[in-house]
Amino acid sequence: MASAGDPQLAQALQQAQDGRLTQYLAGAPALSERYRMAAPDVRALIQAAMDGRRFGVGNHIAGNFLAHAAEDYLTDSEYLTLGDNWLYEAFCESNRPVHGNLAPLVPVRIRGAYYRHQLHQIDNIASCKYRLADSLEQLGRLERNQFCPPASFWEAAHEYLTDSVELTNLAVAAHDRHRLYWAHRLTRRVEEHGDAYALIELADMWMEEHPDLAESLYRRSAEMGNARAMNSVGYLREDAGDRDEAEEWYRKASEAGDGEATYRLAEIYENLGDVEKAERLYRQALDLGDTEALGSLGRIVSDRGGDDVEAISLFTRSILLMVRQAARATIGRLDRVTGVQYSSMGPWDSGKRVANPIVEIEENGDSGDIRGFIDAVANASRNGDTYGTMCHYLLFTSEDSDRAEKMLERAGRDGNTYALLELAHNREEAGNLKEAEALYRALIASGNNAPLALLANLMKKAGNFKEAESLYWRAIEAGNTYALCRLSELKEYRGDHAGAVEVALQAANAGDAGAVRALSKERASREGFDDPWPYGLDPDGTPTVESW
């Protein structure tokens, strides 16, 4: 029934625990009603838990975090009317069950733990961990996706959360919303914990905006023995022109088993003319799983007159790797502009199925079996798989563009939206704007919202600004944050500076700070304008007033 289109059953099957389908169906509507009708203090606790879960806090949420975070979810008038015992009463009410024996927030009971018998004491209530009901978590993700939590949420995270993964998730969430002060403070908390893998993720995050901080995080992780961080420090040193230190870090990373660093070290020796050592390192990089070395190694084998069979095999594997990388990049671009995550790397929902199509494609690509690869991508494409379709298209596009485009047309007729979007993109790139527009409009007329922002871009290019803005708003209503960024650009271009700021802030609250960053650069580069957010945003959306 769920697969036939019953959304309530589909959600229940996904969310119900331990097969408790009936309990979920009975309790979920009641939980939603309880949340909507809750007193302000109870609703504040639930909303803090919702925001924690959607930003990456684990299933077991610390009570002291919730207690502190909830404060700013209350308005001033609501806060003034609270009783002295409001926090205790709010926790108790949030734990009161509805149909199906479900409750909004349930204390996590650890078997044999002493405090399970002490839950009526407020100190122990705050020190418990709580689980948010699955249906309310889902509701929070749907209804609060364009809401940035208030200051007390971030203060509570900084003060009470201790798990480096949770802190990293929240630092990334803050950075995605241009809340740079809290992104920085949470980054420093992760640094205190000394989690080498978390430090790399945060260093990657800060690379564009704060490269000095990024390098210090990479170095800290590298000093803890992380090979990938060593490679990153080497890359930064090489980019800065310090080849000697770069080589030292690449060597350390290579000795620690990092394939990419071994590949970069091979490039250095090849540039120095030591081809024999470069070849040995390229082979070592391949053994460590760095497939970027395929083409370089094939070239060396071919140039020295080595085994032709080996050289051809290496070049073939390199070509198939580039095809797969380009397919992933194409899908990623389409994911971004549509704002809707189709099944990008899995079977298309067309009623047909292929058994592990991606595994078959990857195995044949890795081995260099071009015949097997062609068969695998063709089979996956025929059965509606987007990754297979894009690999198939890209494999043939350079040698027979007409045949390649016919593949996209066939996949589009079979219901693959991404194939049609890529086809329209090609038309647009070739200057056939009318054909591209017709494809976009046909998809939209069929009830598909994916091309809305793309058609808006086309209308903007044609100077039809009124329709472009209308289409952007339709895409935004469908949940497309990319459209928010493009609409902000359009408003700024047309002189609606206040409107551009408003839309950019809306995008940042939804987790896409691209519009804010673009607008900051644009304003800072123009005479008579200043960067409106030189230090980022406070949680309430106002500019942060001093450097962090």
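Could you grab me the full set of residues in the stretch 112-133 that are buried (at least 18 other Cβ atoms within 10 Å of the Cβ) and at pLDDT below 90? Within the stretch 112-133, Ile125, Ala126, Cys128 qualify. Residues of the stretch 37-59 that are closer than 27 Å to Asp512 by Cβ, of a type in the set (A, V, I, L, M, F, W, C) and part of a helix (DSSP H, G or I): Ala44, Ile46, Ala48, Ala49, Met50. When you check Ala229 against the structure, is it open to solvent by less than 30 Å² (accessible area, probe 1.4 Å), of a type in the set (A, V, I, L, M) and over 32 Å from the mean Cα position of the chain (by Cα), yes or no? No; evaluated as a whole, the condition is false for this residue. Quick check: is even one residue across the stretch 233-242 hydroxyl-bearing (Ser, Thr, Tyr) and under 25 Å from the mean Cα position of the chain (by Cα)? Yes. Checking each residue of the stretch 142-155 against the condition of being closer than 27 Å to Thr75 by Cα, part of a helix (DSSP H, G or I) and aromatic (Phe, Trp, Tyr) gives at least one match.
Applying the criterion of being in contact with a Pro (Cβ under 9 Å, 6 or more places away or on another chain) and touching a residue at least 40 places away in the same chain (Cβ under 8 Å) to the residues of the stretch 53-80, the residue that is nearest to Ser164 (Cα to Cα) is Phe55. Inside the stretch 291-304, residues that are surrounded by fewer than 18 Cβ atoms within 10 Å (Cβ to Cβ), in a helix (DSSP H, G or I), over 32 Å from the mean Cα position of the chain (by Cα) and of a type outside the set (Asp, Glu) make up a count of 2.
Within the stretch 153-174, restricting attention to residues that are open to solvent by less than 20 Å² (accessible area, probe 1.4 Å) and of a type in the set (Phe, Trp, Tyr), the residue that is farthest from Leu213 (Cα to Cα) is Phe153. If the condition is being more than 21 Å from Ala196 (Cβ to Cβ) and not charged (D, E, K, R), then the stretch 229-274 contributes Ala240, Gly241, Tyr263, Leu265, Ala266, Ile268, Tyr269, Asn271, Leu272, Gly273. Mind checking whether some residue in the stretch 446-460 is open to solvent by less than 70 Å² (accessible area, probe 1.4 Å), closer than 29 Å to Arg188 by Cβ and part of a helix (DSSP H, G or I)? There is no residue in the stretch 446-460 that is open to solvent by less than 70 Å² (accessible area, probe 1.4 Å), closer than 29 Å to Arg188 by Cβ and part of a helix (DSSP H, G or I).
Out of the residues in the stretch 502-531 meeting the condition of being touching a Ser or Thr at 6+ places or on another chain (Cβ under 7 Å) and more than 19 Å from Val172 (Cβ to Cβ), tell me which one is surrounded by the most Cβ atoms within 10 Å (Cβ to Cβ). The extreme case among them is Ala504. Of all residues in the stretch 377-403, those being buried (at least 24 other Cβ atoms within 10 Å of the Cβ) and aromatic (Phe, Trp, Tyr) number 2. In the stretch 93-106, is there at least one residue being in a loop (DSSP other than H, G, I, E, B), out of contact with any Leu (no Cβ under 8 Å at 6 or more places or on another chain), at pLDDT 85 or above and open to solvent by 20 Å² or more (accessible area, probe 1.4 Å)? The answer is yes, given that some residue of the stretch 93-106 is in a loop (DSSP other than H, G, I, E, B), out of contact with any Leu (no Cβ under 8 Å at 6 or more places or on another chain), at pLDDT 85 or above and open to solvent by 20 Å² or more (accessible area, probe 1.4 Å).
The values are calculated or read from the model by the stated rules, or taken from the named source; none is laboratory data. Predicted model only: the values in this text are computed from it and were never measured. Please note: Cβ atoms are built from the backbone with ideal geometry, for glycine as well, and neighbour counts cover all protein chains shown. Please note that ligands, DNA and RNA were not included when accessible areas were found on the heavy atoms of the full protein model with its side chains. Shrake-Rupley method; radii C 1.70, N 1.55, O 1.52, S 1.80 Å.
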